[in-house]
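**Student:** Structure below; questions to follow.
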Amino acid sequence: MTQPRRAPGGFPVVGVIGGGQLARMMQSPAIALGIQLSVLAEAADASAALVVPSSPVGEHTDLESVRAFAAACDVVTFDHEHVPQDVLQALEADGVVLHPRPGALRFAQDKLAMRERLTALGISCPRWARATTVSDVTAFGDATGWPVVAKAPRGGYDGKGVRVIGSADEVADWLAEVGSDGPLGDGMLLEERVDFVRELAVLVARSPSGQAAAWPVVQTVQTDSICTQVLAPAPGLDPHLAAVVTAAGLRIAGELDVTGVLAVEMFEVRTGAGDPAYVVNELAMRPHNSGHWSIDGAVTGQFEQHLRAVLDLPLGDPGARAPWTVMGNVLGGDHPELYRAYLHVMARDPGAKVHMYGKGVRPGRKIGHVTVCGASLEDVRARATHAADYLQGVIDE
Ligand code: ADP
């Protein structure tokens, strides 16, 4: 296995399990800080493996591969939530420093465990239940009103594993689809379908010694269950609600002992009296799509902050650099050729910042993002939309 080469000066090696774009985007701040990154990549051409010299290839589910990888690192963190608990616990027993630790990460790995814990903490959640039988689903729908949202507790992303069930009749169809060995066997998470005003996210970073910092609350815009744009800060957000959701994010990080970046995805709702309020949708314990804006739009971006947090260094200023920042995701489309679009995008908007992930184009896959900062939300949003659309081949002027 390729060992990371240590730089002189006592700088640590941070290991990242998983070679996706999140690990890749840690490399720029790691370079600036002189920190050596090492990535356990799923393939030699994984997004991060293309830019991090020490990127051994190995399975995150294979204890011996992960063990050999971790032995050369001072701290180990993650690009995704999929490392099994038994692997994490064996690493901890070996003395590997993991951030976040398995006891925290479990609440980002299992949506049922997350709902149980947040409810016990008194954090606002949608009404929910654990279903193990068809009659559980029917009873929940009859009690909360149809449709209901059914979620596989594990392994979902970008809306995969989430299904809206419109009526008791649909339960049987859906069960036939998931199969008899489908996720319902272990318990399925059911939620009321929240009638939300919009989706928000609060990102915080917390260090092992307990220092924490929160970025401004953002609005995430989804198209077909995939986040397509992030507006920072969330336009027109009630200042009291902003303070409440920020406090909730910091409290969740503290209570769950999260180390590194925590993203709390939320729905903004209205109470019966019409007041703005929130319910938590889900948690991610790593840098998150809703924080990509911070690379260009905040004094300290989420990838730098994550490194500082997992190394227990003092955290950086999460404040915004501009009144508005809009991040547009670039999703794979029909055109495999991406680079040519730079000519147009860069000529048209010298202020747009383009980030590409070195990933092959597949329809709907997140392959990059664009960020625009400025004084007018309308202007920066239009520019971010145009640049992302052009890069993904939706428009061709
Ligand atoms: P994933 O883990 O696949 O990202 P999420 O739980 O975030 O799944 O759900 C994906 C999307 O589905 C959310 O962004 C939201 O738009 C919608 N959604 C999820 N849960 C609910 C709910 N209880 N009520 C209404 N919409 C929901």
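**Student:** Keeping to region 260-285, report how many residues are more than 10 Å from the ligand (Cβ to nearest atom) and of a type in the set (Phe, Trp, Tyr).
**Tutor:** Adding up the residues that qualify gives 1.
**Student:** Quick check on region 348-386: of everything there that is among the small types (Gly, Ala, Ser) and under 25 Å from residue 46 (Cα atoms), which residue is surrounded by the most Cβ atoms within 10 Å (Cβ to Cβ)?
**Tutor:** Of everything passing the filter in region 348-386, 368 is surrounded by the most Cβ atoms within 10 Å (Cβ to Cβ).
**Student:** Ok, one more. Considering only region 93-113, state which residues are among the acidic types (Asp, Glu) and either assigned to a helix (DSSP H, G or I) or surrounded by fewer than 19 Cβ atoms within 10 Å (Cβ to Cβ) (or both).
**Tutor:** Hit for region 93-113 is 94, nothing else.
**Student:** Pick out, from region 189-257, the strands (runs of 3 or more DSSP E) lying fully within it that include 2 or more residues that are farther than 21 Å from residue 381 by Cα. Give the derivation first.
**Tutor:** On the way: elements: 198-206, 212-214, 218-223, 226-232.
It comes to 198-206, 212-214.
**Student:** Give just the number: which of (1) among the polar types (S, T, N, Q); (2) within 16 Å of the ligand (Cβ to nearest atom); (3) at pLDDT 95 or above does residue 223 not satisfy?
**Tutor:** Tallying (1) among the polar types (S, T, N, Q); (2) within 16 Å of the ligand (Cβ to nearest atom); (3) at pLDDT 95 or above, residue 223 fails exactly one: (3).
**Student:** Here are some conditions: (1) part of a loop (DSSP other than H, G, I, E, B); (2) surrounded by fewer than 19 Cβ atoms within 10 Å (Cβ to Cβ). Residue 90 meets all but one. Which one does it not meet?
**Tutor:** Evaluating residue 90 over (1) part of a loop (DSSP other than H, G, I, E, B); (2) surrounded by fewer than 19 Cβ atoms within 10 Å (Cβ to Cβ) leaves (1) as the failure.
**Student:** Turning to a different aspect of this structure: Given the conditions (1) closer than 19 Å to residue 21 by Cα; (2) without any contact (Cβ under 8 Å) to a residue 60 or more places away in the chain; (3) in a helix (DSSP H, G or I); (4) β-branched (Val, Ile, Thr), report the number of the one that residue 345 does not fulfil.
**Tutor:** Condition not satisfied by residue 345: (1).
**Student:** Of all residues in region 132-157, which are outside any loop (DSSP other than H, G, I, E, B), among the small types (Gly, Ala, Ser) and touching a strand residue (DSSP E or B) at 6+ places or on another chain (Cβ under 9 Å)?
**Tutor:** Matches in region 132-157: 139, 141, 143, 150.
**Student:** For residue 41, are the conditions met, namely being of a type in the set (Gly, Ala, Ser), at pLDDT 95 or above, over 30 Å from residue 128 (Cα atoms) and in contact with a strand residue (DSSP E or B) (Cβ under 7 Å, 6 or more places away or on another chain)?
**Tutor:** Criteria met by residue 41.
**Student:** Could I ask something else about it? Evaluate the following for residue 195: is it away from the ligand (no atom under 16 Å from the Cβ), within 28 Å of residue 127 (Cβ to Cβ) and among the acidic types (Asp, Glu)?
**Tutor:** no
**Student:** So, in region 318-353, exactly how many residues are among the acidic types (Asp, Glu) and touching a strand residue (DSSP E or B) at 6+ places or on another chain (Cβ under 8 Å)? Lay out the reasoning, then the answer.
**Tutor:** Of the residues in region 318-353, the ones among the acidic types (Asp, Glu) are 334, 337, 349.
Among the residues that remain, those that are also touching a strand residue (DSSP E or B) at 6+ places or on another chain (Cβ under 8 Å) are: 349.
The number of residues fulfilling the criteria is 1.
**Student:** Suppose we filter region 106-124 for residues that are over 14 Å from residue 264 (Cα atoms) and touching a strand residue (DSSP E or B) at 6+ places or on another chain (Cβ under 6 Å); how many remain?
**Tutor:** 1
The values are calculated or read from the model by the stated rules, or taken from the named source; none is laboratory data. Just so it is clear, the structure is predicted and the values come from calculations on it, not from any experiment. Note that each Cβ is placed from the backbone with ideal geometry, even for glycine, and that neighbours are counted across all protein chains shown.
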